[in-house]
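Below: one structure, written as structure tokens.
The values are calculated or read from the model by the stated rules, or taken from the named source; none is laboratory data. The structure presented is a predicted model; accordingly, all values stated were derived computationally and were not measured. Neighbour counts run over all protein chains shown; Cβ positions are idealised from the backbone, glycine included. Quick note on the areas: whole protein, heavy atoms, side chains included, nothing else; ligands and nucleic acids left out. Shrake-Rupley method; radii C 1.70, N 1.55, O 1.52, S 1.80 Å.
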Amino acid sequence: MKTLTLFALVAILSACGAGEGTASVALYRIAAVSARTTIASVPSTRAGVTVNSGVTLESLQLPIRAIYLSTGTSGTGELLYDCAADTNADCMVDLTGSATTTNLLPDATNMKVKAGDYSYVSIAFCKDEGLFTGLVKAMGKVDPGGTGSTVYTQSADGTLTTTSGSYDSTTVYFNSCRRVMKLAEPLKVEGGKGYPLRLYIDTRDLALMGDVSDVGGANAWTHGGWSATGVPAATYVGVAYPDFGVTQDTATPTVERFRITTSTGQVGALGIMSTAAGDYFGGYLRPYFSSSSTTGASVFTSPLQQLTDNLDGTFVLENFGVAYGENGTFESALFVKNSSLIARAFSSNGAATGTYTITKL
């Protein structure tokens with residue numbers, strides 16, 4: 001009789017979802033200064049194409065197949081979002097659409113999540129293909145001063161054109177299906193409770209225009225995804241991996257942007273996202289290309305995994321390492337949130353590497 005009663009109690013608790021909470025996910029773009037998202041870049045003439053502040057990213061569509069809440073960095077876990085369509089093409093989301101008030105995933109619903117402590121959110125842009133493609137529409141001035149001819153993406157091929165009538169989206173290629181973001185604080189899910197999560201993306205410094213005849217050429221920022229189709233014949237547009245910040249806060253967030261220049265020739269775009277109250281909840285390090293540097297892809301390629309306040313005006317800042325390893329490709333123990341020409345030491349993959357300076361944008 002006691003055994004039957006225990007079984008009945010377990011069944012009742014299971015039916016009520018005592019070991020489950022619910023979570024929902026929404027995706028927003030941090031509002032830019034204008035309706036179009038200006039890509040601020042160092043004015044620098046390349047062979048035929050210039051990367052400069054006149055470049056405008058009008059549209060970036062990427063497939064979002066699924067979003068997971070997890071305890072580790074495997075890229076799977078408790079499902080938060082699942083695209084109902086069967087193909088990447090039918091799961092496209094325009095990451096440049098609207099601003100912070102519009103959810104870019106309107107079909108997302110509450111999902112059951114096992115009770116427990118979670119530290120990561122991951123986004124799957126494809127299933128298991130290892131590569132995925134997106135659509136980008138962008139234009140920019142050839143002259144660094146913002147005058148002269150304007151170049152446009154076109155649908156005919158991956159090259160850029162000066163013909164405005166051909167202005168259209170073109171295909172961009174990515175290597176690897178998933179991006180993993182670390183939560184600023186672990187999320188403790190309790191049975192019977194709900195957890196609405198908000199993901200934010202900053203699209204500034206997310207793209208570049210280049211020429212295969214440049215130093216670094218087609219390898220400037222293509223993630224290896226071009227290997228599936230061959231590199232562009234001449235000019236092209238490239239897009240960095242999109243990384244997101246994750247928070248439960250519903251107030252409009254802020255993003256602080258910096259440029260990091262290292263003694264080893266790396267240049268990166270750093271974004272730090274904070275709630276309206278000033279609490280850090282995510283960020284990114286992206287490659288940033290100038291006429292004197294076509295590097296950056298080996299260090300500035302991943303989301304931040306920590307920003308810890310040292311309580312003296314400095315911070316421990318670290319992004320993810322290779323394959324989300326323990327040591328970041330860029331780690332600084334004394335980062336400051338302002339422009340500084342003081343040479344500060346940084347490590348890469350656990351080893352002292354060089355120094356860097358900071359420009360606040």
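Restricting attention to the stretch 261-297, the residues being modelled with pLDDT of 80 or more, surrounded by fewer than 16 Cβ atoms within 10 Å (Cβ to Cβ) and under 19 Å from A351 (Cβ atoms) number 2. Among the residues of the stretch 111-129, the one identified as without any contact (Cβ under 8 Å) to a residue 60 or more places away in the chain and either open to solvent by less than 30 Å² (accessible area, probe 1.4 Å) or within 16 Å of the chain's Cα centre (by Cα) (or both) is S122. State whether one or more residues within the stretch 38-49 are touching a Ser or Thr at 6+ places or on another chain (Cβ under 8 Å), modelled with pLDDT of 85 or more and surrounded by 15 or more Cβ atoms within 10 Å (Cβ to Cβ). No, the stretch 38-49 contains no residue that is touching a Ser or Thr at 6+ places or on another chain (Cβ under 8 Å), modelled with pLDDT of 85 or more and surrounded by 15 or more Cβ atoms within 10 Å (Cβ to Cβ). Would you point out the residue of the stretch 298-326, among those that are closer than 16 Å to A240 by Cα and surrounded by 20 or more Cβ atoms within 10 Å (Cβ to Cβ), that is modelled with the lowest pLDDT? Ranking the candidates gives V299 first. Taken together, the residues in the stretch 140-176 that are modelled with pLDDT under 75, of a type in the set (V, I, T) and touching a Pro at 6+ places or on another chain (Cβ under 9 Å) amount to 0. Any residue that is modelled with pLDDT of 95 or more and either crowded, with 17+ Cβ neighbours inside 10 Å or of a type in the set (V, I, T) (or both) - is there at least one of those in the stretch 98-110? Scanning the stretch 98-110, I find no residue that is modelled with pLDDT of 95 or more and either crowded, with 17+ Cβ neighbours inside 10 Å or of a type in the set (V, I, T) (or both), so the answer is no.
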